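Below you'll find the structure, written out as structure tokens, and then a few comments.
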Amino acid sequence: MFPELVTIGETMVVLEAAEEGRLRYVPRFNKKQGGAESNVAIGVARLGHTSGWISKVGDDELGKYIVSSIRGEGVDTSRVLYNQDYPTGLYIKERVTPEKTQVYYYRSNSAASQLTKEDIDWNYLKEAKIIHISGITPFLSESCLEVTQAVADFAKKNNIFLSFDPNLRFKLMANVENAKEILLQLAKQADLFMPGIDEAEYLVGTRDYEEIAEYFLSAGVSKIVIKNGEKETFYASKNGVAGTVPSFKVERVVDPVGAGDGFAAGLLTGLLEDKSLQESVEIGAKVGAMVVTARGDIEGLPERSELENFHNKILDVLR
């Protein structure tokens, strides 16, 4: 059986500092895994839908750990390839203070950066209802850029719903002269584009919701969702539907990393269930709020019952 949603991108091993303070003084780390695209796949799987993740990892113990972990979360990893010549990527999370998390990436020449168009099982991809990509992958390498553009073209030609989260990584983009143009091209090919407000401003030079929406909807995007942090999320579609959904308040933000991926997983789950754009955004906002209450990229991603309990708690507060 082919998965409903397929994501493509790099997942790395995460070494998370077990204590607060500068890394030079931290003696212990917790080993986890994290990657924007696999986070989304895991989030969708936890909410009851089928998902698959395509990538490359090193033919090493860390690569085997990543694949085993993601497969254990219910995600199909059958199209993940192992590479003997390049290592699995790594990033380290430093807990400077309870409110501040710093991330250090060690992904140069990683196995995932060696992904090519020939590595993709296009028949597998063709069966997906939704393909989800991010703006991270095209800047990992020239071949990853070719893969991302080929996937976007493939989705368009085969009438497969394409979801694109820019997920800007300025350090990756630093040496690419036409980085903005690459992102804009991918965004315009997407059926769903979901930038944060800062990302949208970087791309089109304004923070005005309506102006941003008009720019992308007139370029061919059918749905746009603009995340504005703790404040709200704006949504609009080519059929004229538009509005905002307030962000859900949480008592304490434990770890903000992964909140955007959780939001995407909730939103895409709603679309898989043929819910309206507003309803789908509401699900995304709830999942994003739940993610920040737990430490780690995926630890806060809810099961369906947990999402429903969170919804009921919100209704109790509103009453």
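The values are calculated or read from the model by the stated rules, or taken from the named source; none is laboratory data. The structure displayed is predicted, hence computed values, not measured ones. With ideal geometry, Cβ positions are generated from the backbone for all residues, glycine too; neighbour counts draw on all protein chains shown.
For segment 270-310, which positions are out of contact with any helix residue (DSSP H, G or I) (no Cβ under 6 Å at 6 or more places or on another chain), modelled with pLDDT of 90 or more, assigned to a loop (DSSP other than H, G, I, E, B) and not acidic (Asp, Glu)?
LYS275, SER276
Mind checking which pairs have a first residue in segment 199-218 that is touching a residue at least 12 places away in the same chain (Cβ under 8 Å) and a second that is crowded, with 21+ Cβ neighbours inside 10 Å and of a type in the set (Gly, Ala, Ser), Cβ under 6 Å, 6 or more apart or different chains?
The qualifying pairs are ILE212/ALA200; ALA213/ALA236.
Which one is surrounded by the fewest Cβ atoms within 10 Å (Cβ to Cβ), of the residues in segment 93-113 that are among the hydrophobic types (A, V, I, L, M, F, W, C), in contact (Cβ under 8 Å) with a residue 60 or more places away in the chain and farther than 14 Å from GLU20 by Cβ?
Residue satisfying both the conditions and the ranking: VAL103.
Just wondering, is there one or more residues in segment 158-177 that are among the aromatic types (Phe, Trp, Tyr), outside any strand (DSSP E or B), more than 12 Å from LYS117 (Cα to Cα) and without any contact (Cβ under 8 Å) to a residue 40 or more places away in the chain?
Yes, the conditions are met somewhere in segment 158-177.
With the condition kept exactly as written, say whether any residue in segment 144-166 is in contact with a Phe, Trp or Tyr (Cβ under 6 Å, 6 or more places away or on another chain), buried (at least 24 other Cβ atoms within 10 Å of the Cβ) and under 24 Å from GLY270 (Cα atoms).
Yes, there is a match, as at least one residue in segment 144-166 is in contact with a Phe, Trp or Tyr (Cβ under 6 Å, 6 or more places away or on another chain), buried (at least 24 other Cβ atoms within 10 Å of the Cβ) and under 24 Å from GLY270 (Cα atoms).
Yes/no per residue for (1) aliphatic (A, V, I, L, M); (2) more than 18 Å from the chain's Cα centre (by Cα):
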residue: TYR91; (1), (2): no, no
residue: THR101; (1), (2): no, yes
residue: THR116; (1), (2): no, yes
residue: PHE139; (1), (2): no, no
residue: LEU162; (1), (2): yes, no
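Would you be able to say whether some residue in segment 41-62 is modelled with pLDDT of 95 or more, charged (D, E, K, R), in contact with a Pro (Cβ under 7 Å, 6 or more places away or on another chain) and under 22 Å from GLY288 (Cβ atoms)?
Yes; the residues of segment 41-62 include at least one that is modelled with pLDDT of 95 or more, charged (D, E, K, R), in contact with a Pro (Cβ under 7 Å, 6 or more places away or on another chain) and under 22 Å from GLY288 (Cβ atoms).
I'd like the full set of residues that are over 21 Å from HIS49 (Cα atoms), touching a residue at least 60 places away in the same chain (Cβ under 8 Å) and part of a helix (DSSP H, G or I), limited to segment 114-133.
Residue satisfying the conditions is ASP119 alone.
Consider TYR202 carefully, then state whether it is surrounded by fewer than 21 Cβ atoms within 10 Å (Cβ to Cβ), touching a helix residue (DSSP H, G or I) at 6+ places or on another chain (Cβ under 9 Å), not aliphatic (A, V, I, L, M) and not in a loop (DSSP other than H, G, I, E, B).
Considered against the rule, which asks whether it is surrounded by fewer than 21 Cβ atoms within 10 Å (Cβ to Cβ), touching a helix residue (DSSP H, G or I) at 6+ places or on another chain (Cβ under 9 Å), not aliphatic (A, V, I, L, M) and not in a loop (DSSP other than H, G, I, E, B), TYR202 comes out as yes.
All but one of (1) modelled with pLDDT of 95 or more; (2) assigned to a loop (DSSP other than H, G, I, E, B) hold for SER108, so report the exception by its number.
Of everything listed in (1) modelled with pLDDT of 95 or more; (2) assigned to a loop (DSSP other than H, G, I, E, B), SER108 misses just condition (1).
Filter segment 185-199 for residues that are touching a Phe, Trp or Tyr at 6+ places or on another chain (Cβ under 9 Å) and not in a loop (DSSP other than H, G, I, E, B); which is farthest from GLY220 (Cα to Cα)?
ILE197
Return yes when ILE224 is out of contact with any Lys or Arg (no Cβ under 8 Å at 6 or more places or on another chain), β-branched (Val, Ile, Thr) and assigned to a helix (DSSP H, G or I) and no when it is not.
For ILE224, the condition - out of contact with any Lys or Arg (no Cβ under 8 Å at 6 or more places or on another chain), β-branched (Val, Ile, Thr) and assigned to a helix (DSSP H, G or I) - is not met.
Specify which of the listed residues (ILE160, ILE197, ILE182, ILE136) is at pLDDT 95 or above and under 18 Å from SER108 (Cβ atoms).
ILE136
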